[in-house]
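Comments concern the structure below.
The values are calculated or read from the model by the stated rules, or taken from the named source; none is laboratory data. No experiment lies behind these values; they were computed from the predicted model shown. For neighbour counting, all protein chains shown are included, and Cβ atoms are generated from backbone atoms with ideal geometry for every residue, glycine included.
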Amino acid sequence: MDNNESILFLYGTSRFKNNAYSFRLDKFKDYFSMNNYRVKSIYLNDSAFPVPSLFQPLNLPFFLKELRKSDLIHAGNTPCAYLCKISQKATEKKFVYDVHGNLIQENLLNYNKYNILDIYNMYQAKIMESIARFSNYFITCSAPLKSYYVNLGVEPHNIEIIRNGVDLNTFKPIKCDSTNEEFIVTYAGGFQKWQGIDNLIDAMKLINKNNIKFKIIGFTSKDQLLKKKLYSEFGESVCLIDSLKREELIRQLNASDLLIIPRNKHPAIEYAFPTKFAEYISIGKPVLVTNVDETAEFVKKYNCGFVCDPNPRSIAEVIIAANNVSEKNLNKMGQNGRKLAEIEFDQNFINERYLNFVSRILDEAI
């Protein structure tokens, strides 16, 4: 295929920041380039006025020309969509709002009404969300998030569900030589409040079976106090590992028996979709998720693990029950998870789905 369409990817981060958000946009951008679209990038956090997000439109004179040259703009998060909408009369360009969650609800997770910064961030989130909701098109990371925008009055035809994908050639089952009789439960990721790490810690306190061991991966320099606290409390019953390179992370996941996402119930969580879910199931190990978001529906439908309530006692009970499941049935759950990854979360499938959505948008504009 040969075409002259150009897609401008507007990132809400710096080009030097490596995270799941940037990875998602990078994969989209690479795929469009492979399919002969002209692609460009702008990173708002590398601009003259990176913060606060509410004042990022001050950067418009610096990249207005690039915005006008594009056939379609991919607005990578709420601040990007807010910027695109308020500058639309100047750019005369339609754009796709890539919605990762609900910014207002995310701010409520840690909101302190006596903290000036929290008050400002909430005020900022409400303004940007109220403007971004009038975007031309939307892609959402989950079905509940699509329903949220449909209920706000957005035409379903203008919203596509594009979840975070996974590279199945990288995240895959590998053989791990081990004669260990222990049942290893692993969490890998960050320690922000919405991750539910407190749920896991409190569940660990309720489990006194000697053969159940825990592995927690992802500690950075700012998490060392938590790491010391966990070692002091649990000793050798928990393996505490700093953030790993991808190859070693995959090896550690494969050396586990159960992979866990212990998130709490909250509207911000309901609308989001954890990137780690696709990575976990790609490994071919059973997963344990709390019944707070769309992952629970996938686990039930594909029988690829366990679902529990979002509290320590329920998590502990299900971990103990999983320890008593036969190795054959655990392996079958892992295989089901891998099949789910191949059906729904293959990065190539995700990319193609978004490409088809963009192609339809551009065809409608002709």
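The helices (runs of 4 or more DSSP H) found wholly in the range 238-296 and carrying at least 3 residues that are in the same structural domain as Asn323 (by TED's automatic domain parsing) and hydrophobic (A, V, I, L, M, F, W, C) occupy 246-254, 275-283.
Looking at Lys222, is it free of Cβ contacts under 8 Å to residues at least 40 places away in the same chain, outside any strand (DSSP E or B) and out of contact with any Lys or Arg (no Cβ under 8 Å at 6 or more places or on another chain)? Yes, satisfied. Scanning the range 4-49 for residues that are among the aromatic types (Phe, Trp, Tyr), over 26 Å from Asp346 (Cβ atoms) and either at pLDDT 90 or above or crowded, with 19+ Cβ neighbours inside 10 Å (or both) yields a count of 2.
From the list Ile319, Ile343, which one is under 23 Å from Val289 (Cα atoms), under 20 Å from the mean Cα position of the chain (by Cα) and in a helix (DSSP H, G or I)?
On the way: Ile319 fails: under 20 Å from the mean Cα position of the chain (by Cα).
Of the residues listed, the single one that is under 23 Å from Val289 (Cα atoms), under 20 Å from the mean Cα position of the chain (by Cα) and in a helix (DSSP H, G or I) is Ile343.
Taking the range 1-34, which residues are of a type in the set (S, T, N, Q) and touching a helix residue (DSSP H, G or I) at 6+ places or on another chain (Cβ under 6 Å)? Thr13, Ser14, listed by residue number. Taken over the range 149-170, the criterion of being touching a helix residue (DSSP H, G or I) at 6+ places or on another chain (Cβ under 8 Å), part of a loop (DSSP other than H, G, I, E, B) and either among the aliphatic types (A, V, I, L, M) or farther than 18 Å from Val96 by Cβ (or both) is satisfied by Ile162, Asp167, Leu168, Thr170. Residues in the range 41-74 that are touching a residue at least 60 places away in the same chain (Cβ under 8 Å), more than 27 Å from the chain's Cα centre (by Cα) and in a helix (DSSP H, G or I): Lys69 alone. Reported count of residues in the range 192-210, each being in a loop (DSSP other than H, G, I, E, B), closer than 23 Å to Ile250 by Cα and of a type outside the set (Gly, Ala, Ser), is 1. Per the conditions (1) within 30 Å of Arg360 (Cα to Cα); (2) modelled with pLDDT of 95 or more, the sole criterion not satisfied by Asn164 is (2). When Leu25 is tested against (1) in contact (Cβ under 8 Å) with a residue 12 or more places away in the chain; (2) over 21 Å from Cys141 (Cα atoms), only condition (2) is not met.
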